[in-house]
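A quick write-up on the structure given underneath.
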Amino acid sequence: MSGIVETVSEQRCFGGVQGFYRHESTTTGGPMRFSVFVPPDTSSPRPALYYLAGLTCTEETFPIKAGAQRMAAALGLVLVACDTSPRAMRYLGDDASWDFGQGAGFYVDATEEPWRQSYRMDSYVTRELPALIERHFPVQPGVRGIFGHSMGGHGALVLALRNPELYRSVSAFAPIVAPSQVPWGQKAFTGYLGRDRAAWAAYDASELVRARPLPFEVLVDIGTADKFLDVQLRPELFEQACAESGQKLALRRHAGYDHSYYFIQTFIDDHLAHHARALCG
């Protein structure tokens, strides 16, 4: 992997630094962009909390819209966000729809052509990006949490369940918890993983949690006015799977809240505190 990080921009923010960066990724075969917020006091390395964004988003969406830096500065958390798909490698039809291809990598390692050549967001998020962050930023090696929104909430749950040794905490806003059973997931999985549904189970949080629950509580927030709730998100399926496996789950339903970043802004402090309890002792 390339060890060179190019600084796109850096700004002071709540006493820390909000930066945007670019590097050449060997995992995806081209340049990838990411953002990092470093809190004010880094006299000693700090825990890193990785955020995975949803469909059509970029590495800029979370730091600009979520309002997380104030609390992260107070708690001493480094916040990392990455892009939602490779951008440099182009394939026929990769921009034909907003829920597949560009901006919609679904945090899987694709096995189908041509996507398998660069759509390897699982390996990028869990292996290459943390190694890069821990080499270039004041971060405690191996002390990581992960969270996300919508497609990124799916990614956070799945990557934590697939790699329990890599993360000490996980949470999600409005996640796609059973992608094998909803249109967004079925479209993405067919394109990236093929038509064998057995392969889909490896990236389905409701299937994974039945086999190997995590040793810590999972926090999930849902808005009852979310227009995607009943068709795409289906939180009750994950709730049932967690009950069957004994997974500790705090699933909170918030009356009147939708799928937007106004919802995330409202409850972001709760999520950061949830992760800080696990990561900061």
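General observations
- Residues considered: S44, S118, S171. Largest GNM mean-square fluctuation over the chain, using C-alpha springs under 10 Å, is found at S44.
- Here is the list for segment 72-149: chymotrypsin sites (Phe, Trp or Tyr not before Pro) lying in DSSP coil, each with at most 12 other C-beta atoms within 10 angstrom of its C-beta, are W98.
- Stokes-Einstein D in µm²/s, Kirkwood radius over Cα pairs - segment 1-111 at 20 °C with 1.002 mPa s viscosity: 143 µm²/s
- G30 long-range amide H proximity, modeled H, under 5 Å: S25
- Share of carbon and sulfur in the accessible heavy-atom surface of the chain [1.4 Å probe, %]: 50 percent
- Exposure check, 1.4 Å probe, all protein chains in place: Y192 carries approximately 0 Å² of accessible surface.
- Nearest-10 value in Å² for the accessible area of V8, using the 1.4 Å probe: 80 Å²
- Solvent-accessible surface of segment 55-105, taken per residue with a 1.4 Å probe and all protein chains present: 38 Å².
- Lysines with Cα under 28 Å of K65, excluding same-chain neighbours fewer than 8 positions away: K187, K227
- Average Cα contact separation per residue, the chain, under 8 Å, 6 or more apart, as relative contact order %: 16 percent
- Ellipticity estimate at 222 nm from DSSP helix runs (n ≥ 4, -39,500 (n - 2.57)) divided over the chain, nearest 500: -8500 deg cm²/dmol
- Taking the DSSP beta bridges with both ends in the chain, the antiparallel portion is around 50 percent.
- Solvent-accessible area of F62 with every protein chain in place, 1.4 Å probe, in Å² to the nearest 10: 10 Å²
- √(5λ) per eigenvalue of the Cα gyration tensor, the chain, largest first, Å: 26, 23, 17
- Here's the picture: charge each Lys and Arg Cβ at +1 and each Asp and Glu Cβ at -1 in segment 172-281, and of W200, H259, L229 the one pushed furthest to the positive end of that dipole is W200.
- With semi-axes defined as the square roots of five times the eigenvalues of the C-alpha gyration tensor, the equivalent ellipsoid of segment 72-189 measures 26, 17, 13 Å, largest first.
- Label zone (R22, point 7 Å along Cα-to-C-beta; backbone nitrogen cut-off 13 Å) within segment 63-87: 87.
- If you run the Gaussian network model on the chain, springs between alpha carbon atoms under 10 Å, then out of M151, M89, M32 the most flexible one is M89.
- Projecting label points 7 angstrom from Cα along Cα→Cβ for E60 and R253 puts them 3.7 nm apart.
- Helix runs (DSSP H) in the chain reaching 18 Å along axis by Cα, Kyte-Doolittle at least -1.0: 261-279
The values are calculated or read from the model by the stated rules, or taken from the named source; none is laboratory data. Predicted, not measured: the structure shown is a model, and the values here were computed from it. Note that we place each Cβ from the backbone using ideal geometry, even for glycine, and neighbour counts take in every protein chain shown. Ligands, DNA and RNA are excluded from the accessible area calculation, which covers all protein heavy atoms including side chains. Shrake-Rupley method; radii C 1.70, N 1.55, O 1.52, S 1.80 Å.
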